[in-house]
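I have placed the structure first, in the form of C-alpha cells, so that the comments after it can refer back to it.
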Amino acid sequence: MKGKALSLILALAMLSIALSGCVESEEGNEVYVVKLSPADMRNEMLSKEIDGFIAWEPYNAEVVVRGEGEYLIQSAEIWPNHPCCILAVSDEVAKDEKLLRALVWAHVKATRFINDPENYEKVIQYAMEFTGKDREVVEEAMKHIKFIEFPDEREFRNYYERLKESGFLEKTVEDLGYASEDEFFEDFLMREAYDYVVQKLSENPSWVPEKPEREINMGHLTADLHELAWYVALKEGYFEEAGIRGNLEKQYANGPMAMEAFKAGEIDVSYLGGAPATLKRINDDIKIHIVAGANNEGSAIVVAKDSGIKSIEDLKGKTVAIPGFGTVQDFILRMALEEHNIEVRLKE
C-alpha cells in the first residue's frame with residue numbers, strides 16, 4: 001500500500017512540475033517567444049535582441065523593403081483566410097438601425113473602392129498617407145492583405161475554439177448569459193445590417209441609406225494598414241454621404257486599448273483586431289458586436305536578413321517576437337511550429 005501511495009505521490013509531483021513548465025523539452029527543439037509591440041519589433045531585431053517576429057502589415061513589408069529582413073512565411077500559407085481586423089459597435093449602436101446601416105454602407109463602399117483595380121493609384125496614395133510609409137513599402141504590404149466586407153464566421157469560430165483549447169478564455173458564453181455558442185455568435189457577429197446593405201446595393205448601386213440622427217465617437221488603430229477602409233471612407237466622403245457625424249478620428253495604439261475605450265464609453269464604434277475584440281468580449285464582458293470585417297490574412301513571420309534562417313526548422317533555439325499571447329499572430333506561429341514538432345518557450 002505504501003508503495004502504491006509513493007508511486008501516486010511521485011506521479012502527481014511529476015505532473016505538477018510539468019504543468020509549471022519545469023520539465024525541459026528536447027534540448028534545442030524549442031523557439032523562445034517574447035511579447036513586443038509591432039512598432040518596436042524592427043529595432044529589437046536590428047539590435048539582435050530577437051531573431052525574427054510575426055506582425056501585421058505594414059511592419060513586415062517595411063523591414064523587407066529596407067533589406068533588413070526577409071519573409072520566412074506568410075500567414076496565409078499557415079492558416080488560409082484567417083480573421084484579422086473588424087468593425088465593432090457598442091450595444092447602444094447595435095440597436096440603432098439607421099446608424100448601423102449607415103456605418104456598414106460606408107465600410108462596404110470603401111472596401112469595394114479599395115478592391116477595384118481602377119482605383120489602384122488612389123488607393124496606394126491613401127495607404128501612404130494613412131500609414132506614413134513610402135510607396136514601395138505599402139505596395140509590398142498590400143500584396144498580402146485581403147480587404148473584406150464581412151468576416152468568415154467559420155474561421156472566427158475556429159479562432160474561438162483555439163482560444164478555448166489553449167486556456168485563454170476565463171469565462172464561457174454561458175457565463176455571459178447565452179444559452180449556447182451558436183446564440184453567442186449570432187449576437188457577436190451581427191450580419192443583418194450587412195446583408196441588408198448588400199441587397200440594396202445589388203438592386204441599386206447608387207442607393208444610400210437613411211441618415212442617422214445621433215453623432216458618434218469612432219476609433220481606429222494608428223497606421224494599421226488592415227484598417228485602410230476607415231481612411232478611404234473618410235477621404236472619399238462615404239461617412240459624410242451616409243450622414244455619419246461626430247468625432248470619427250480617435251486613434252488607439254492597439255486593440256486592447258480600443259476595447260477599454262468601449263468599456264469606458266469613450267467610443268461607440270471602432271476598427272480593431274478581431275483577437276482583442278473576442279478575448280475582451282468574453283473575458284471582460286465588454287458588450288460589443290462585430291458588424292463588418294476589415295481584412296483577412298496580412299501577417300507574416302519575418303526574420304533578420306543575416307540570421308541564416310531559411311525554414312521553420314531553422315527557428316529552433318531562436319527568439320521570435322509576437323504582439324501578444326492569444327492573438328491571431330500567436331496562434332499562427334504556434335501552428336507553424338507544431339507542424340514541425342517544435343515547442344514554444346517563454347523567454348525569461
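All of the numbers you see were taken from the coordinates with simple rules; none came from a lab. This structure is a prediction, so every number in the text was calculated from the model and none was measured. FYI the Cβ positions are ideal-geometry reconstructions off the backbone, even for glycines, and counts take in every protein chain you see.
Which entries in the list 122/235; 146/250; 48/305; 122/305; 318/347; 98/200 go over 21 Å, if you measure between the two C-alpha atoms of each? Where the Cα-Cα span goes over 21 Å, the pairs concerned are 146/250; 122/305.
Given the rule -39500 (n - 2.57) for each run of at least 4 DSSP H residues, summed and divided by the residues of the chain, what is its mean residue ellipticity at 222 nm, to the nearest 500 deg cm²/dmol?
-13500 deg cm²/dmol, from helical runs alone.
Of the GluC sites (Glu not before Pro) found in segment 205-240, the ones in coil according to DSSP and having at most 15 other Cβ atoms within 10 Å of their Cβ are 210, 213, 215. Projecting label points 7 angstrom from Cα along Cα→Cβ for residue 166 and residue 40 puts them 2.0 nm apart.
Helices assigned as whole DSSP H runs in the chain whose Cα atoms extend at least 24 Å along their own long axis and whose mean Kyte-Doolittle hydropathy is -0.5 or higher are found at 2-19, 97-115.
Could you compute how fast segment 143-203 diffuses translationally, taking Rh as the Kirkwood radius over C-alpha pairs and applying Stokes-Einstein at 25 °C with viscosity 0.890 mPa s? Give it in µm² per second. This corresponds to a translational diffusion coefficient of 178 µm²/s. Beta bridges from DSSP with both residues in segment 85-297: antiparallel share about 60 percent, rounded to the nearest 5.
Once you sort the root eigenvalues of the Cα gyration tensor of segment 80-227 as a ≥ b ≥ c, which label holds: rounded (a/c under 1.5), prolate (a/b larger than b/c) or oblate (the other case)? Because a/c hits 1.5 or more and a/b fails to exceed b/c, segment 80-227 counts as oblate.
The residues neighbouring residue 210, those whose beta-carbon lies less than 10 Å from its own, together hold a net charge of +1 under the Lys/Arg +1, Asp/Glu -1 convention. Between residue 92 and residue 284, the contour length at 0.36 nm per residue exceeds the Cα-Cα span by 67.3 nm.
Other residues with beta-carbon under 10 Å from the beta-carbon of residue 150 carry, at +1 per Lys or Arg and -1 per Asp or Glu, a net charge of -3. Comparing 323, 80, 58 in a Gaussian network model of the chain (Cα springs below 10 Å), the most mobile by mean-square fluctuation is 80.
When a/c is below 1.5 the answer is rounded, else prolate if a/b is larger than b/c, else oblate, so apply that to segment 206-348 with a ≥ b ≥ c taken from the square roots of the Cα gyration tensor eigenvalues. Working shown, then result.
Values: a/c = 2.96, a/b = 2.10, b/c = 1.41.
It is prolate, given that a/c is not under 1.5 and a/b is the larger ratio.
The ranking of 230, 207 by Cβ neighbour count inside 10 Å, starting from the fewest, reads 207, 230. Taking the Cα centre of the chain as origin and assigning +1 to Lys and Arg Cβ atoms and -1 to Asp and Glu Cβ atoms, the resulting dipole is close to 420 debye. Between residue 183 and residue 198, the simple spin-label model (points 7 angstrom out along Cα→Cβ) gives 2.7 nm.
Put a dot 7 Å past each Cα toward the Cβ at residue 157 and residue 253; how far apart are the dots in nm? About 3.7 nm, to one decimal. Taking Cα pairs under 8 Å and at least six residues apart, what relative contact order does the chain come out at, in percent? Reported as a whole number, the value is 39 percent. Here, the chain has an Rg and a Dmax of 22.0, 83 Å when only alpha carbons are counted. In plain terms, the residue of 278, 319, 222 with the fewest other Cβ atoms within 10 Å comes first and the most crowded comes last, giving 222, 319, 278. A cut-off under 13 angstrom between Cβ atoms defines the neighbours of residue 332, and their net charge, with Lys, Arg +1 and Asp, Glu -1, is -4.
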